[in-house]
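Reading through the structure tokens given below for one structure.
Read the figures in this text as sums done on the coordinates, not as results from a lab. Quantities reported herein were computed from a predicted structural model and do not represent experimental measurements. Here Cβ is always computed from backbone atoms with ideal geometry, including for glycine, and neighbour counts include all displayed protein chains.
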Amino acid sequence: MGTESIAGLTSVIVVAADSGPLLRSCVESILAARDPLELLLVDNASGDGVVEQVEAAHRADARLRVLRNAGNLGFGPACNRGAAQAVGDVFVLLNPDCIAPHDFIGRVRAALSSDPRIGMLGVQVTDTDGRPARGNRRRDPTLRRALATLTGLARLEARWPAWQGVEMPPANGAGVETVEAVSGACMILPRAAFERVGGFDEGYFLHAEDLDLCRRVRDAGWRVAIDPGTRVAHAQGSSSRARPLFVARHKHRGMWRYFTKFDPAARNPLLRAAVWLGIWSHFVTAGLLKSARRR
């Protein structure tokens, strides 16, 4: 899929799309690491000038490479372009509004090395105040689980496991733990696992491509896990505030694509139609509310 890899080198792939000034902090946090790495900054035709600022500030650092796309390809396709140019044996897929600690690379490589069956590793993604974010420890978002989460019935799963939701309850231990899906804000994969599954499904533009990748990694026989002892701060949504309706539309498209690919309920025509109507009704309603608030 890509070039020959270099053992012990970590390829950090960051996709920018008018991501704003936090991109500078993200790049600085990665380049502050002492471990062998390369940073591939894949620019989806940003117009805010920040990618150029980053490139100028780190021109002397050979570890940084900027790859430019002629248009906005979406997150997954841009990650695939970066992976095709990467030379590391481990890939870190990091959102442009994430800040990583200086020992991040060493910690995640140690976690991967603890079990060669790990094909996808997540970390404890937090908000800027250090509170754990949603989505760190997830299950596959089947229709039943999504409804349990939306209705609040998931709160009863300790008593009635049939009503388990998408979010998994907090872990009891502190070690690396098996989950079904991790946060798309920070995903770490051995190069071999990424290439085995063919990278991201480019039918997604934004949202749910991370869930899709986790699912296919598991289906290929690898373990999806999280290392809760390693933290990354995420200023969630900073890349999407300028175009909320654009982002929302692609999020809903991603939800629909995931449902039709993986959920057995999609084989039922009535359920399929109901889910389609529910997804796009939610998009319209949310869009109207956002427009009203902006006015």
**Message:** Charges at C-beta only: +1 for Lys and Arg, -1 for Asp and Glu. How large is the resulting dipole of the chain about its Cα centre, in Debye rounded to 20?
**Reply:** 1160 debye
**Item:** Selected from GLY88, VAL166, ALA70, residue furthest toward positive end of dipole (region 6-234; charges at beta carbon)
**Value:** VAL166
**Prompt:** What ratio of Cα Rg to 2.2 N^0.38 Å holds for the chain?
**Reply:** 0.99
**Request:** Enter the angle in degrees (range 0 to 90, nearest 10) between the Cα long axis of helix 244-262 and the first principal axis of the Cα atoms of the chain, meaning the one along which they spread out most.
**Result:** 70 degrees
**Neighbour-count ranking [beta-carbon atoms within 10 angstrom, fewest first] of THR3, THR260, THR10** = THR3, THR260, THR10
**Asked** Put +1 on the Cβ of each Lys and Arg and -1 on the Cβ of each Asp and Glu in the chain; which of ALA273, LEU143, THR128 then has its Cα farthest toward the positive end of the dipole?
**Response** ALA273
**Request:** Just the number, please: percent antiparallel of the DSSP beta bridges in the chain, rounded to the nearest 5.
**Result:** 35 percent
**Asked** By per-residue mean of other Cβ atoms within 10 Å, what is the highest-first order of 89-99, 14-24, 51-61?
**Response** 89-99, 14-24, 51-61
**Phi-based couplings in Hz for region 135-147 (Karplus 6.51, -1.76, 1.60; Gly and Pro marked x)** = x, 5, 10, 10, 9, 4, x, 5, 4, 4, 5, 5, 5
**Message:** So if the hydrodynamic radius of region 244-294 is defined as the Kirkwood radius over C-alpha pairs, what does Stokes-Einstein give as its diffusion coefficient at 4 °C and 1.567 mPa s, in µm² per second?
**Reply:** 112 µm²/s
**Prompt:** Using Cα pairs under 8 angstrom and six or more residues apart, how large is the relative contact order of the chain, in percent?
**Reply:** 21 percent
**Request:** Apply the Karplus parameterisation 6.51 cos²θ - 1.76 cosθ + 1.60, with θ equal to phi minus 60°, to every residue of region 113-121 and state each ³J(HN,Hα) to the nearest whole Hz, in sequence, with x for glycine and proline.
**Result:** 5, 5, 7, x, 7, 6, x, 8, 10
**Using θ = phi - 60° and Karplus 6.51 cos²θ - 1.76 cosθ + 1.60, couplings along region 98-104 (whole Hz; Gly, Pro as x)** = 9, 10, 9, x, 5, 9, 4
**Asked** If amide H atoms are built 1.01 Å from N in the plane of the peptide, which residues on other chains or at least 5 residues away come under 5 Å of the amide H of SER46?
**Response** ASP18
**Prompt:** Once amide H atoms are placed 1.01 Å from N in the peptide plane, what residues at a sequence separation of 5 or more from LEU37, or on another chain, have their amide H within under 5 Å of its amide H?
**Reply:** THR10
**Request:** Which order do the peptides 155-165, 187-197 take when ranked by the mean count of other beta-carbon atoms within 10 Å per residue, highest first?
**Result:** 187-197, 155-165
**Prompt:** How far is helix 209-219 tilted off the main Cα axis of the chain, in degrees rounded to 10, range 0 to 90?
**Reply:** 90 degrees
